[in-house]
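First comes the structure, then the notes that go with it.
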Amino acid sequence: LNSRMKNKTRNLIDIKFYSKTKILKILERTSLLLKIYRSGKVPKLLKSLPMLKNFEEILWLLRPDSWSPQALYIITRLFVSRLDNLQMGRFLSQILAPRLQEAVFRSKKISSHLFLSLKVSTNRSKNFFSSLLFPILRGQSCTLKEAIILGSIINRASFLQENVIWSLINLLDDPCTPPKLILIRIFLSKNYTLPYRV
């Protein structure tokens with residue numbers, strides 16, 4: 001009886017180990033696919049990813065820093081409609097913002113797909129401002145080029161008035177820098193009706 005129990009537990013351990021290695025292989029193949037992705041269907045794994053408890057861990061195993069701009073755009077579109085506020089905020093601050101800064105640092109411009117990814121993220125305007133715009137602006141390495149790119153995205157998007165007011169108050173409360181002045185000018189050019197405090 002004891003030997004049977006030992007065999008069963010060994011089998012269970014083997015199955016668990018096998019399933020983990022299999023999952024890791026699937027994630028590795030998916031990350032390789034996203035690295036070279038240009039167009040077409042995305043892996044089904046990405047659609048079910050937001051529903052998982054360990055969403056962030058699995059996302060990092062997919063190596064988001066190596067995704068192609070096209071893959072980043074498709075995934076941003078997918079996540080904007082499926083992630084909750086906390087997950088969306090983490091996605092914008094940990095993945096999309098560094099990609100923008102890296103692209104500007106390397107080539108002084110961004111690809112059209114990265115631009116579209118940023119534009120799509122404005123659909124979640126509160127997350128866009130709090131998790132992407134302000135962390136970049138408050139960073140010491142924020143450049144005029146980054147501010148101009150973010151400004152052109154803000155100029156093309158429409159936001160709720162309350163989000164614009166909140167953003168302007170935050171921009172005016174912070175110490176003034178040239179990138180912040182560019183964004184203040186763009187916000188004011190959109191002709192929102194603003195309260196007396198602003």
Heavy-atom accessible surface of the chain: percent carbon and sulfur, 1.4 Å
56 percent
Sites removed, the longest contiguous part of the chain containing no DSSP-loop trypsin sites (Lys or Arg not before Pro) with at most 15 other Cβ within 10 Å is 110-189
Accessible area (Å², per residue) of the chain, counting only protein heavy atoms and a probe of 1.4 Å:
63 Å²
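Sort Trp60, Trp67 by accessible area with a 1.4 Å probe, largest first.
Descending accessible area places them as Trp60, Trp67.
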With Cα Rg over 2.2 N^0.38 Å as the read-out, I listed (i) 0.99; (ii) 1.30; (iii) 1.17; which label goes with the value calculated from this structure?
(ii)
Positive-end residue, the chain charge dipole about Cα centroid, Cβ charges, pick of Val164, Ser107, Pro43
Pro43
Give me the distance between the Cα centres of segment 58-103 and segment 109-174, rounded to whole Å.
15 Å
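By how many nm would the segment from Arg29 to Thr177 lengthen if fully extended, with 0.36 nm per residue of separation less the alpha-carbon distance?
Answer, rounded to one decimal: 48.9 nm.
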Dipole of segment 54-96, positive direction: furthest Cα of Leu72, Gln94, Leu59, with charges on the beta-carbon:
Leu72
Which of Phe187, Cys142, Phe128 sits closest to the plus end of the dipole of the chain, meaning its Cα is farthest towards the positive end, when Lys and Arg get +1 and Asp and Glu get -1 on the C-beta?
Phe128
How far is helix 144-156 tilted off the main Cα axis of the chain, in degrees rounded to 10, range 0 to 90?
90 degrees
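The values are calculated or read from the model by the stated rules, or taken from the named source; none is laboratory data. Being a predicted model, the structure only gives us computed values, none of them experimental. In this analysis, Cβ positions are derived from the backbone assuming ideal geometry, glycine residues included, and neighbour counts consider all displayed protein chains. In case anyone asks, the SASA skips ligands and DNA or RNA and just uses the protein heavy atoms, side chains included. Shrake-Rupley method; radii C 1.70, N 1.55, O 1.52, S 1.80 Å.
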